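I have placed the structure first, in the form of structure tokens, so that the comments after it can refer back to it.
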């Protein structure tokens, strides 16, 4: 069958004059540029301080960091590591890089997004602290947000970091948002501590005005910058982001600003002070919403510090009555697994305790850590050994570990102290180790 009549020749490519073709390519490039403009660099990165002289606020902290760095330059540091702590946005990381730049150090950083197990810290921080960089410069080991060293995967990481600090030949800077965190305790004693305070609104407003001047944007009213600074809560990074959102693309910054109030966590000491001193019902209810603590822990803190804050018996009686009711609802939460009862716990713990006072006491009070919590921590080893002994005894005597720990182990200890041979005969069938036998004495 002849198919030649069915096959059509391909159309010839039309030749376009070079001038027209170049014009078309130029139009295509312009349209693509309009469709996908380059992303603007965030101002908090664009105006990040690169040197110590660019750093804003905290002059005393800057002086302390420079003094510590100078001891490394002379080769005789008293403390090999520096612990820089403060709220978010106060410049802990920026200060670390700025001092490294001034001293000519290369930075080896381990931040919260990295895996920081015991082995990884020993490999990266440990090896880095014993060697120089390829260029021959001294390395600065920067460990960010040490309070994040928690969980099963990072078990032992704090002890590994403490060992690295003791053996290091290179400067180490550790940052944290919460210096009171238990994960910081293992290394804080080995470090020189430098606090970074929140940046004042006046200093922050000056920095924001400088950024607008660099961007060529005029200010209609300086109160606008003061409003941004006050809303940031001392967080300069947050203030710069708000400024960019309001001013970018504008020639003049002015008019009404719609700034969202950010949820900022507070620590337990500030929460206690706010609850005890508060006289407004609605504000008092909201205090615990910003506190990152377990309800039972809050009840224990309040229980410990009611006598510290309230001087009269009547006030203490009313406050403890509210705490006892809160504890009842906590028990119902656990028994019934109905978490809606927490609304009553929060109200009784905050509003109930706050309105138990006859009048607000504005003098300073030194609040105490709950004695029950530290006693439980101190007796952790004893309770673990009690549990180990009871675990071996339970299947033999057909009794629960709780009953054995509460009723039988104290009796067994009394027998052991008076007659060791009788005690050995009593526990002969329990297969207790020598250490466990000595624990019963």
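The values are calculated or read from the model by the stated rules, or taken from the named source; none is laboratory data. From a predicted model like this one, the values you see are computed outputs, not experimental measurements. FYI the Cβ positions are ideal-geometry reconstructions off the backbone, even for glycines, and counts take in every protein chain you see.
Summary of computed values
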{"item": "Subset tally (residues that are more than 36 Å from the chain's Cα centre (by Cα) and surrounded by 11 or more Cβ atoms within 10 Å (Cβ to Cβ)) for segment 365-399", "result": "9"}
{"item": "From the options 296, 332, 343, residue that is free of Cβ contacts under 8 Å to residues at least 12 places away in the same chain, part of a helix (DSSP H, G or I) and under 30 Å from residue 178 (Cα atoms)", "result": "343"}
{"item": "Count of residues meeting criterion [surrounded by fewer than 22 Cβ atoms within 10 Å (Cβ to Cβ) and either under 26 Å from the mean Cα position of the chain (by Cα) or at pLDDT 85 or above (or both)] in segment 208-225", "result": "10"}
{"item": "Checklist (1) closer than 20 Å to residue 238 by Cβ; (2) in contact with a helix residue (DSSP H, G or I) (Cβ under 8 Å, 6 or more places away or on another chain); (3) not in a helix (DSSP H, G or I) applied to residue 208, failing item", "result": "(3)"}
{"item": "Matching helices (runs of 4 or more DSSP H) fully within segment 373-441 where at least 2 residues are closer than 29 Å to residue 299 by Cα and modelled with pLDDT under 80", "result": "380-397"}
{"item": "Lone qualifier among 375, 357, 365, 385 - being out of contact with any strand residue (DSSP E or B) (no Cβ under 7 Å at 6 or more places or on another chain) and farther than 30 Å from residue 306 by Cβ", "result": "385"}
{"item": "Matching residues in segment 154-194 - criterion: being under 22 Å from residue 89 (Cα atoms) and in a helix (DSSP H, G or I)", "result": "188"}
{"item": "Matching residues, segment 211-239, being within 19 Å of residue 48 (Cβ to Cβ) and part of a helix (DSSP H, G or I)", "result": "211, 212, 213, 214, 215, 228, 229, 232, 236, 237, 238, 239"}
{"item": "Residue in segment 358-366 that is assigned to a helix (DSSP H, G or I) and touching a helix residue (DSSP H, G or I) at 6+ places or on another chain (Cβ under 9 Å) present", "result": "no"}
